[in-house]
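The values are calculated or read from the model by the stated rules, or taken from the named source; none is laboratory data. Since this is a predicted model, take the numbers as computed values, not measurements. With ideal geometry, Cβ positions are generated from the backbone for all residues, glycine too; neighbour counts draw on all protein chains shown. Quick note on the areas: whole protein, heavy atoms, side chains included, nothing else; ligands and nucleic acids left out. Shrake-Rupley method; radii C 1.70, N 1.55, O 1.52, S 1.80 Å.
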Amino acid sequence: MNLLPQDVLIMIKLAVSGSEGWTYNRIAHELDMSPSMAHSGVKRATQARLFDPNRKRPRRKALEEFLIHGMKYAFPPDIGTMTRGIPTAFASPAFEGHLLYDPEEIYVWPYAEGSHRGISFSPLYRSVPEIALKDKRLYSALGLIDALRLGRARESELAKKLLVEMLRYDA
């Protein structure tokens, strides 16, 4: 059984929003997927040792290690042409105040109602642009992870630091 992008999204959501009292229905609703997809995702994450079924929460250290070292290999982004969308990677809110960048050279998740133009960057899962607008903490985590998926050295180092702080803060 292979880990799918939505499985990682579920683990990120649980890790950054606190996994106390979650239900498959709530997670599915918040991530715009079916409850059966959420259940299957947790099952696959358990098999991948990213989720502790006894404590009913992500294994933070394992998740941190996978996000930092495995995401760019397991789920490399598709980089496309200029499009309208939602800023990600180093242009996401997680990097605000940390980096200066050329607003003409940002990466965005394609989204017709997006407020920015940038280089198309495939989101981890199809619903990411919409759910990111509703959940600022998840948006920040996904932006950091996209910086890691992109693989630029300077941004990756800062993303690692900020992501570890975000995941450990909730531990």
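Got at least one residue in region 150-164 being in contact with a strand residue (DSSP E or B) (Cβ under 9 Å, 6 or more places away or on another chain), of a type outside the set (D, E, K, R) and open to solvent by less than 20 Å² (accessible area, probe 1.4 Å)? No.
For beta carbons closer than 7 Å, sequence separation of 6+ or different chains, a first residue in region 98-124 that is among the aromatic types (Phe, Trp, Tyr) and a second that is exposed (fewer than 13 other Cβ atoms within 10 Å of the Cβ), the qualifying pairs are Phe121/Ile79. In a residue-by-residue description of region 14-21, the property of being surrounded by fewer than 18 Cβ atoms within 10 Å (Cβ to Cβ) and modelled with pLDDT of 95 or more applies to no position. The test for being within 12 Å of the chain's Cα centre (by Cα) and part of a helix (DSSP H, G or I) holds for Leu138.
Beta carbons closer than 9 Å, at least 6 apart along the sequence or on distinct chains, pair a first residue in region 67-79 that is closer than 15 Å to Ala48 by Cβ with a second that is crowded, with 16+ Cβ neighbours inside 10 Å and acidic (Asp, Glu) for Met71/Asp146.
You will find that of Met11, Met33, the residue that is out of contact with any strand residue (DSSP E or B) (no Cβ under 7 Å at 6 or more places or on another chain), modelled with pLDDT of 95 or more and open to solvent by less than 40 Å² (accessible area, probe 1.4 Å) is Met33 and no other. Filtered by the rule that a residue be small (Gly, Ala, Ser), open to solvent by less than 50 Å² (accessible area, probe 1.4 Å) and within 16 Å of Ala132 (Cβ to Cβ), region 73-119 gives Gly85, Ala89, Ala91, Ser92, Ala94, Gly114, Gly118.
Candidates are the residues of region 105-128 that are among the aliphatic types (A, V, I, L, M) and within 12 Å of the chain's Cα centre (by Cα); the one that is farthest from Glu30 (Cα to Cα) is Leu124. In the set (1) at pLDDT below 95; (2) out of contact with any Gly (no Cβ under 6 Å at 6 or more places or on another chain); (3) crowded, with 18+ Cβ neighbours inside 10 Å, Asn2 fails one condition alone, (3). Of all residue pairs spaced 6 or more apart or on separate chains, those with beta-carbon atoms under 8 Å, a first member in region 22-47 that is without any contact (Cβ under 8 Å) to a residue 60 or more places away in the chain and farther than 15 Å from Arg126 by Cβ and a second member that is open to solvent by 70 Å² or more (accessible area, probe 1.4 Å) and among the hydrophobic types (A, V, I, L, M, F, W, C) are Lys43/Met1; Arg44/Met1; Gln47/Met1.
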